[in-house]
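See structure below.
The values are calculated or read from the model by the stated rules, or taken from the named source; none is laboratory data. All values reported here derive from a predicted model rather than from experimental measurement. Neighbour counts are summed over all protein chains in view; Cβ atoms, including those assigned to glycine, are modelled from backbone coordinates with ideal geometry.
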Amino acid sequence: GDSVTQMEGPVTLSEEAFLTINCTYTATGYPSLFWYVQYPGEGLQLLLKATKADDKGSNKGFEATYRKETTSFHLEKGSVQVSDSAVYFCALSESNYQLIWGAGTKLIIKP
Amino acid sequence: EAGVAQSPRYKIIEKRQSVAFWCNPISGHATLYWYQQILGQGPKLLIQFQNNGVVDDSQLPKDRFSAERLKGVDSTLKIQPAKLEDSAVYLCASSLDRGRELFFGEGSRLTVL
């Protein structure tokens, strides 16, 4: 069945460092791909999405490109801030609209 | 616009006791979801409603879990009797319709002792 694999955390970086959180997927069809973020004490919220191959989703300085050839959707940010500390979830959705989630990656940014 | 409201935020019970969680989705959202999120894992869909009908409850442990959305608005999720492995955060989400963006509540954290 469909699945999402993301890099294990926690990922600890210094402020202004470059961030990459890896996400790869397996799917039978052509899924939509998502990154959700969960800030401490808050609910999950959609960060960005891409619905077809080579699409780039972007929001709040974060980017991710839908790579069909490598079945990947890695999250990147050029310069992280302390306020980016959160848990990041990669997810996919096929035609049935059900979300399949990765296990989450905790990001810790130190000043 | 008000977000998805859930209560209680925290609940501690002993095994074999019962518990109920409540969710009020964003006004006008037809689709409502209950997820279980165990520490260190991604959310697992328990049940999905479209208005007041069940679309998917294939992963709901029906011997102990039940959920309803009687008037197609708010919803309750009940666990009876609870087991230790039910300790998790129970997330409610809603969307305007199937396939649209999900909006999540803050979750209800359950600890079963």
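Quick notes on this one:
Yes/no matrix, rows are residues, columns are (1) modelled with pLDDT under 95; (2) β-branched (Val, Ile, Thr); (3) touching a strand residue (DSSP E or B) at 6+ places or on another chain (Cβ under 6 Å); (4) closer than 17 Å to A:Tyr39 by Cα:
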| position | (1), (2), (3), (4) |
| --- | --- |
| A:Thr71 | no, yes, yes, no |
| A:Ser79 | no, no, no, no |
| A:Asp84 | no, no, yes, yes |
| A:Ile100 | yes, yes, yes, no |
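- You will find that of A:Lys56, A:Lys77, A:Lys60, the residue that is in contact with a Ser or Thr (Cβ under 8 Å, 6 or more places away or on another chain), basic (Lys, Arg) and closer than 30 Å to A:Pro111 by Cβ is A:Lys56 and no other.
- Pairs are defined by a Cβ separation below 7 Å, a sequence spacing of at least 6 or placement on different chains, a first member in the stretch B:84-113 that is more than 12 Å from every other protein chain (Cβ to nearest Cβ), and a second member that is of a type in the set (D, E, K, R) and buried (at least 20 other Cβ atoms within 10 Å of the Cβ); the pairs so defined are B:Leu110/B:Asp86; B:Val112/B:Asp86.
- Among the residues of the stretch A:94-109, not a single one is more than 14 Å from chain B (Cβ to nearest Cβ) and part of a loop (DSSP other than H, G, I, E, B).
- Enumeration of residues in the stretch A:59-111 that are polar (S, T, N, Q), surrounded by 15 or more Cβ atoms within 10 Å (Cβ to Cβ) and out of contact with any Cys (no Cβ under 7 Å at 6 or more places or on another chain): A:Thr65, A:Thr71, A:Ser85, A:Ser93, A:Gln98, A:Thr105
- Here B:Trp34 fulfils each of the conditions (1) touching a Leu at 6+ places or on another chain (Cβ under 8 Å); (2) modelled with pLDDT of 95 or more; (3) assigned to a loop (DSSP other than H, G, I, E, B) apart from (3).
- So A:Tyr39, is it within 8 Å of chain B (Cβ to nearest Cβ) and hydroxyl-bearing (Ser, Thr, Tyr): no
- Options B:Gln48, B:Gln6, B:Gln36, B:Gln41; residue that is surrounded by fewer than 17 Cβ atoms within 10 Å (Cβ to Cβ) and either closer than 23 Å to A:Tyr88 by Cα or not aromatic (Phe, Trp, Tyr) (or both): B:Gln41
- Among residues of the stretch B:68-88, those that are surrounded by fewer than 20 Cβ atoms within 10 Å (Cβ to Cβ) and closer than 16 Å to B:Leu110 by Cα, counted: 8
Okay, residues lined up against (1) of a type in the set (Asp, Glu); (2) under 11 Å from the mean Cα position of the chain (by Cα); (3) not in a strand (DSSP E or B):
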{"site": "B:Ile12", "(1), (2), (3)": "no, no, no"}
{"site": "B:Gln17", "(1), (2), (3)": "no, no, yes"}
{"site": "B:Phe21", "(1), (2), (3)": "no, yes, no"}
{"site": "B:Leu77", "(1), (2), (3)": "no, yes, no"}
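- Meets criteria (in contact (Cβ under 8 Å) with a residue 12 or more places away in the chain, in a loop (DSSP other than H, G, I, E, B) and either at negative phi or among the aliphatic types (A, V, I, L, M) (or both)) for B:Ala67: no
- Residues that are out of contact with any Asp or Glu (no Cβ under 9 Å at 6 or more places or on another chain), without any contact (Cβ under 8 Å) to a residue 24 or more places away in the chain and in a loop (DSSP other than H, G, I, E, B), drawn from the stretch A:18-63: A:Thr51, A:Lys52, A:Asp54, A:Asp55
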